[in-house]
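Inspection log for the structure reproduced underneath, given as structure tokens.
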Amino acid sequence: MSKPHIIILGCNFAGLTTARYIHAAVKDSAKITIIDRKSLLTFVPNIPIQVLANINPAIDLQYRFISFLEHDGSAFIQAEVTTIDPDTNTVYYQPNERAGHPIRKIQYDYLVVALGNRLAYDHIEGFEAYGHSVTDTFLGNRLRNYLHQEYKGGPIAITSAIFHQGKSEKLPPNLPVAQTACEGPPVELAFSMAHWLEKNKKGNAGTVYLSTPAKVIAEDAGETILHQLLPMMDKMGYHYQANTQGIKKVHKDGVEFIDGSSQEAEVTILFPDWQAHQFLKELPFTDDMGFVITDLYMRNPDYPNIFAVGDAASITVPKIGSLGHMEAEVLANTLAQELKLIKGPIKPMEFELLCMGDMGGIKGFYMRTNEWWGGKETHLEMGVTPYALKMGFKQMYYTLGGKIPHWGLALSEVMGDHTIL
Ligand SMILES: Cc1cc2nc3c(=O)[nH]c(=O)nc-3n(C[C@H](O)[C@H](O)[C@H](O)COP(=O)(O)OP(=O)(O)OC[C@H]3O[C@@H](n4cnc5c(N)ncnc54)[C@H](O)[C@@H]3O)c2cc1C
């Protein structure tokens, strides 16, 4: 009998880790194919560090992964996925190394959607000319050039657009609803930017204007952490504004918010709405915003051979890589159970925010909490250890080709929770 074919769409954090975990869990019992439009993984979380260090982020943060997939015996196709037909188990794709390819099709027995999201900068008026960000190496390098070549020391606004979280009665009940997609990066950037401003004698925390459309920034960090973090940032001199309701427009001299207020700025750094890819919005296994519906085992309830992980999955809120990582592990076990390689029960997804951010000056912060989901874990640490953990994670990820061992995260938690340095 031929082996079942598992196709994974997307090969950044969620896709690569899932591909490697699935291979480890199912070994030779399945054929695995991964499709992505690019053959390099972008190590997004470290872009701000490179920007402030005046290094083009594309140099070190675009990671070649194909040899790891080859080593596993998995196939990689570089192509644009154009659509999926869930009724005939078909993925349509167009190889994109050179223009002119016809659209091809490939059949799956199991499909994993790890295609991330589109970041809707094109919905922000004025962004093209006056907005900055750090969500990919192009934008990172653009900001790096501005900061290091043109910046005169004026106010720096850091803000987010409203996030439109998907809804569906088929999703697990009682999931919290977020007003922003991912507010760890704005907080991290505020810290590291203040250090950069001081070091370059261009300003300090008081030069940074941090704002959020929500009633509080980084709400998913939970109340206990926010009660420590926000007074501390206030004491350090940061300007902070909540309830902007979102971004109306960016212009040469700053940003206008939907609530009618505005912020003067020489540099405006924005985090847009994280939206589902257009073709997913039209498919019958996505929520009202186009995010893929799954249960807590990462499986779609209507199409039990379709799964999703990472930012593309509806239950991944906030849109952070550490949730995608946990989901990858759950999904690999779900598939191994499906293929009768694991006997007995497996664990469903248990939500927890794990975030390690740079604060500049070889210091970082570490947050681990499940309070937003109703749990009791809440840890906030700052110092050299969280910075070392952040940099160590990248090294480990590159060395192991995205297959962080089970003890890797547990070790980070022990070190992070008990930061003494
Ligand atoms: C500045 C910044 C800092 C961050 N820091 C952290 C952090 O410290 N910790 C943390 O946990 N998270 C962090 N995050 C969030 C984290 O980067 C994302 O959650 C993570 O990258 C999502 O991974 P993903 O694989 O689901 O999606 P993506 O990284 O978006 O990958 C999707 C993949 O799908 C491919 N793709 C998309 N559409 C198609 C198509 N049609 N055809 C073919 N291929 C396609 C893309 O090429 C890409 O490789 C940060 C985010 C930002 C912006």
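For region 28-41, what are the residues that are near the ligand (Cβ under 9 Å from one of its atoms) and either crowded, with 19+ Cβ neighbours inside 10 Å or over 18 Å from the mean Cα position of the chain (by Cα) (or both)?
Going through region 28-41, the residues near the ligand (Cβ under 9 Å from one of its atoms) turn out to be 35-38, 40-41.
Residues satisfying the conditions are 35, 36, 41.
Residue under question is residue 79, and the condition is that it be near the ligand (Cβ under 10 Å from one of its atoms) and either more than 30 Å from residue 343 (Cβ to Cβ) or among the polar types (S, T, N, Q) (or both); does it hold? Show your work before the answer.
Values: near the ligand (Cβ under 10 Å from one of its atoms): yes; either more than 30 Å from residue 343 (Cβ to Cβ) or among the polar types (S, T, N, Q) (or both): yes.
The answer is yes for residue 79.
How do the pairs read when you match residues in region 1-28 that are closer than 23 Å to residue 80 by Cβ with residues anywhere that are among the acidic types (Asp, Glu) and assigned to a loop (DSSP other than H, G, I, E, B), using Cβ under 6 Å and keeping only pairs 6 or more apart or on different chains?
5/109
Mind listing whichever residues of region 189-220 are in contact (Cβ under 8 Å) with a residue 60 or more places away in the chain and within 30 Å of residue 352 (Cα to Cα)? If you could, list the steps in order and put the result at the bottom.
Within region 189-220, the subset in contact (Cβ under 8 Å) with a residue 60 or more places away in the chain is 189, 191-196, 199, 219-220.
189, 191, 192, 193, 194, 195, 219, 220 - these are the residues of region 189-220 that are in contact (Cβ under 8 Å) with a residue 60 or more places away in the chain and within 30 Å of residue 352 (Cα to Cα).
Here is a yes/no grid of residues against (1) outside the structural domain of residue 82 (by TED's automatic domain parsing); (2) surrounded by 22 or more Cβ atoms within 10 Å (Cβ to Cβ):
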| site | (1), (2) |
| --- | --- |
| 232 | yes, no |
| 240 | yes, no |
| 260 | yes, no |
| 268 | yes, yes |
| 286 | no, yes |
| 292 | no, yes |
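Taking region 142-173 only, how many residues are farther than 20 Å from residue 255 by Cβ and free of Cβ contacts under 8 Å to residues at least 24 places away in the same chain?
Residues meeting the conditions: 4.
Scan region 2-61 for residues that are of a type in the set (D, E, K, R) and within 30 Å of residue 193 (Cα to Cα) and jot them down.
As a first pass, look at region 2-61 and keep what is of a type in the set (D, E, K, R): 3, 20, 27-28, 31, 36-38, 60.
Result: 60, single match.
Given the conditions (1) under 19 Å from the mean Cα position of the chain (by Cα); (2) in contact (Cβ under 8 Å) with a residue 24 or more places away in the chain; (3) assigned to a helix (DSSP H, G or I), which single one is not true for residue 318?
(3)
Please verify whether region 104-122 includes one or more residues that are free of Cβ contacts under 8 Å to residues at least 40 places away in the same chain, within 15 Å of the ligand (Cβ to nearest atom) and not β-branched (Val, Ile, Thr). Steps first, please.
Residues of region 104-122 free of Cβ contacts under 8 Å to residues at least 40 places away in the same chain: 104-105, 122.
Next cut, within 15 Å of the ligand (Cβ to nearest atom) only: 104-105.
When the remaining residues are screened for being not β-branched (Val, Ile, Thr), the result is 104-105.
Yes, region 104-122 has at least one match.
Okay, residues lined up against (1) modelled with pLDDT of 95 or more; (2) within 16 Å of the ligand (Cβ to nearest atom); (3) surrounded by fewer than 19 Cβ atoms within 10 Å (Cβ to Cβ):
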site	(1), (2), (3)
369	yes, yes, no
372	yes, yes, no
381	no, yes, no
384	no, no, yes
387	no, yes, no
391	no, yes, yes
399	no, no, yes
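Take residues that are closer than 22 Å to residue 140 by Cα and hydroxyl-bearing (Ser, Thr, Tyr) and tell me which of the strands (runs of 3 or more DSSP E) falling wholly in region 182-288 contain 1 or more.
On the way: elements: 208-211, 239-241, 247-251, 254-257, 262-264, 267-271.
Here the list reads 208-211, 267-271.
Being within 22 Å of residue 351 (Cα to Cα), of a type outside the set (Asp, Glu) and touching a strand residue (DSSP E or B) at 6+ places or on another chain (Cβ under 9 Å) is the filter here, so list the residues in region 200-227 that pass it.
214, 217, 218, 221, 222, 224, 225
Go through region 350-363 and give me each residue that's within 24 Å of residue 222 (Cα to Cα), away from the ligand (no atom under 14 Å from the Cβ) and not in a strand (DSSP E or B).
Hit for region 350-363 is 350, nothing else.
Take the residues of region 58-76 that are farther than 13 Å from residue 11 by Cα and among the hydrophobic types (A, V, I, L, M, F, W, C): which is farthest from the ligand (Cβ to nearest atom)?
59
The values are calculated or read from the model by the stated rules, or taken from the named source; none is laboratory data. Every value quoted in this text rests on a predicted model; they were computed, and no experiment measured them. Ideal geometry is used to build each Cβ from the backbone, glycine not excepted, and the neighbour counts take in all protein chains shown.
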